[in-house]
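The values are calculated or read from the model by the stated rules, or taken from the named source; none is laboratory data. Since the model is a prediction, treat every value here as computed from it, not as a measurement. Every residue, glycine as well, gets a Cβ built from its backbone with ideal geometry; the counts of neighbours run over all protein chains shown. Surface accessibility is based on the protein's heavy atoms, side chains included, excluding ligands, DNA and RNA. Shrake-Rupley method; radii C 1.70, N 1.55, O 1.52, S 1.80 Å.
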Amino acid sequence: MKAIEKTQFISLNQQRDIRLPFQLSIVGTVKTPSLETYKIYGRSELEFCLRLRSAEEEAVDLIDGKTYRYRFPHLIIKRPDVSHEYTVRSAREAIFLIYSPALEDVFNASGMSTDEPIIEFEITPDLENLLARFHSLIPHSQERGIAEQFDLIGFQILEHIYLQRVHPQTATRDTDTIIREIASHLQLNFNTDINLDEVCSTFGISRRSFFRNWSKLFPHTPHQYITNLRIREAERLLLIHGLEIKEIAAQVGFENYPYFVQAFKRCRGGQTPGEFRRQAMRAG
């Protein structure tokens, strides 16, 4: 991860060509000196500060009279009109994202709550890539279109951290993770001849455990899940002029054409592929 060498404050008040919902006011990097005490009162912005590293074992913050102790790295949320005091005993490196206070309710409504002021996180490879992209934008901050890129990358960084709280990283995969990995595999390979026994073996799960746990996560059986994927793709292909219906059936994984028609009718409330195409042509 790139070392932060100095403190930089970058204003992003320029006109946007694309207005994203979470628009940043200021971004920057922080390299704090040792043995500095900070007392902040009457803050008017909403700030998300990613404290990335320090030689200190933990940070100690006094926020509205309550003491918080967290290891690095962590995200500290500095809300408007909240008193905040902390002492830096060893140099720290951080990046910060500052938003209008009016966006606090929007963050909360999106599931990114500001109620808990400090959140620990892990610097995963994906997050490291996002931070590298953030740093690469800094030398171009006032160029046209860069503010929008900061808006997007800032939200992606926060989203990644909040999602870690919902789906924490673990050293071993749990069963739910394996089931979702299989579902992703089926999404990519639904039009092939899928042998679920072979799929289970590939992903290291027994057939019995697979079927028992699949129903906890998905409303349809694996067979119905694959069929629905095939029918959905068939619907898309039926809108393309020039493709024969039998050709479409084969492309989406149905070797038996009558069975394809039967499956399509079940999914479309009795409508055949031909009727679906004719209706779409009339509507177009």
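Some notes on this structure:
- Residue within the stretch 162-178 that is part of a helix (DSSP H, G or I), farther than 30 Å from Phe107 by Cα, of a type in the set (A, V, I, L, M, F, W, C) and open to solvent by less than 40 Å² (accessible area, probe 1.4 Å) present: yes
- Cβ pairs under 6 Å, 6+ apart, first in the stretch 204-232 and of a type in the set (S, T, N, Q), second not in a loop (DSSP other than H, G, I, E, B): Asn213/Thr175; Asn213/Ile179; Thr227/Ala263
- Just so you know, in the stretch 31-53 the residues that are open to solvent by 30 Å² or more (accessible area, probe 1.4 Å) and among the polar types (S, T, N, Q) include one that is nearest to Pro80 (Cα to Cα), and it is Ser44.
- For the stretch 27-49, the count of residues that are free of Cβ contacts under 8 Å to residues at least 40 places away in the same chain and assigned to a strand (DSSP E or B) is zero.
- Of the strands (runs of 3 or more DSSP E) that lie entirely inside the stretch 56-129, those containing 2 or more residues that are open to solvent by 60 Å² or more (accessible area, probe 1.4 Å) and farther than 28 Å from Lys2 by Cα span 66-70.
- Of the helices (runs of 4 or more DSSP H) lying entirely inside the stretch 196-280, those carrying at least 3 residues that are within 19 Å of Asp174 (Cα to Cα) are 196-203, 207-217.
- Identity of the residue in the stretch 223-258, under 34 Å from the mean Cα position of the chain (by Cα) and of a type in the set (Lys, Arg), that ends up surrounded by the fewest Cβ atoms within 10 Å (Cβ to Cβ): Arg236
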